[in-house]
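S.K.: If you scroll down you'll find the structure; I have some questions about it.
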């Protein structure tokens, strides 16, 4: 494998749109930290602070940041990079903070068999957040910035399982992702639908379509066509 080869699941980390989203997430993370450091008396003070901040442009680098925060800043930079630069940034981040889901997630791209690193990334996220956090915040994940590294690596692990024909495991993780974040900002439902169809779980696939009811989107229309096609194929057996 060459230096520029990466884990090939639709090259999701080299998508320009994803990179722009990561830049926004980085900025949001810094602003959240700034808000936590302030002692506001009212929502008006918060709004005034945010308005003044927006007028000033991008957020300055973190001050007195922890190893974890320094590592995550490196990982945001890695998401913008390609090839060996991406890998080296992830390795440096992992050295700073070994319990990093995003670092393991990125490094998995460079492995012929990424499963071990993806699992390590998920375990790191579970340990980092803790069982109590999962219980208290289930249903609101992704809206909380600190959950996103875990959600990313879990999604990639499910995608890997699906790619290698282990649909049962993929379905398990896809379903957990949707339970953690029913709003499904990651688009898990589309991959789960395909996995359901591949496993001939057509009632579950139908239920997923009805739950999200996205007949106005191109991809949902495609999934409905696929579901109908699959039902016809089963009837001919």
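Just so it is clear, none of the values below were taken in a lab; they were calculated from the coordinates. Note that the coordinates shown come from a computational prediction; the quantities given were computed from them, not determined experimentally. Positions of Cβ are backbone-derived with ideal geometry, glycine not excepted, and every protein chain shown enters the neighbour counts.
S.K.: Compute the FRET efficiency between residue 144 and residue 200 as 1/(1 + (r/R0)^6), taking r as their Cβ-Cβ distance and R0 = 30 Å, and round to the nearest 0.05. Please report the intermediate quantities before stating the final value.
M.R.: Working: r = 36 Å, r/R0 = 1.19.
After rounding, the FRET efficiency stands at 0.25.
S.K.: I need the Kirkwood Rh of the range 81-124: take the reciprocal of the average 1/r across all distinct C-alpha pairs and report it in angstrom. Can you show the working numbers first?
M.R.: Numbers: mean 1/r = 0.0985 Å⁻¹.
Result for the range 81-124 stands at 10.1 Å.
S.K.: Something else now. Each label point is 7 Å from the Cα along the Cα-to-Cβ direction; what then is the distance between the points at residue 164 and residue 70, in nm?
M.R.: The answer from the label model is 3.5 nm.
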